[in-house]
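What follows is calculated from the coordinates using simple rules that are stated; it is not laboratory data. Source: prediction; values computed, not measured.
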């Protein structure tokens, strides 16, 4: 008997594990939720172990599922790369572009509209991502990443240097004359950045001030900016993103430089099809932001 489970079962597991939803997995695979659930049950029976913990309204991976998922994703990625290496990329396939929600809203949206007007026959598939990650089974052709640009097996083009500074609604800014006035305000934290509120407060000469402030922790910058725009606190954001918002202001001129920045990235080992190359070249030519210059 072949010890490897059927490919359809493995595909159902990968998508369900990535989305943590049988319903979303069914939508992505163009099958019913019950079909996904059945494939997962058959896979678990074959393996002799549970892969998911079924909650009333959600899913979580079991330790076995968590341990197995990276191997499955790596296998699918290598299968995709090998197919492209041998047979070449499909020219009719859509261009998959991956970026965080805040980058989609503030930087990519106007660029993609202009690109679509100039290239109406090219289909762009936009994939949302919050955390830094490698190119996964969703097959991103191009990705906008945030970091130091030291990733392996990719070609990376810097979108410019970055600095971080506070941002809030105009109403909140009226009561902030100096950094010391932040005492009693709510500081909105977007986790995952090298430069955060402690670094900015230290640079402003009030290193212990956060102990006299409220805090809200968010896993995305788009949420901190949304809360700040509604008067819910003061966010620490990238100057380049703040420049593109008309509902937020900088109450202080002080910013802190970061050795992290935005990068446009593509896999080094995977050949881009013509449509992807055209989008890449367009973004390099027209996307001199969100940082200062394209290096």
Query raised in the report: How high is the relative contact order of the chain, given as a whole-number percent (alpha carbon pairs under 8 Å, six or more residues apart)?
Result: 22 percent
Report task. Compare 126, 187, 20 in a GNM of the chain, Cα atoms joined below 10 Å, and give the one with the largest fluctuation. Result -> 20
Query raised in the report: Top mean-square fluctuation among 42, 209, 112, Gaussian network model of the chain, C-alpha springs under 10 Å?
Result: 42
Query raised in the report: In percent, what relative contact order does segment 7-81 have, based on Cα pairs under 8 Å that are 6 or more apart in sequence?
Result: 27 percent
Query - segment 152-221, relative contact order in percent, only Cα pairs under 8 angstrom and at least six apart counted - result: 34 percent
Query - the chain: most fluctuating residue of 67, 109, 156 per GNM, C-alpha cutoff 10 Å - result: 67
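Just from its helices, what would the mean residue ellipticity at 222 nm be for the chain, if runs of 4 or more DSSP H residues each count -39500 (n - 2.57) and the sum is divided by every residue, rounded to the nearest 500 deg cm²/dmol? Let's see the in-between values first.
Working: 10 runs with 108 residues, N = 295.
Value at 222 nm, helices only: -11000 deg cm²/dmol.
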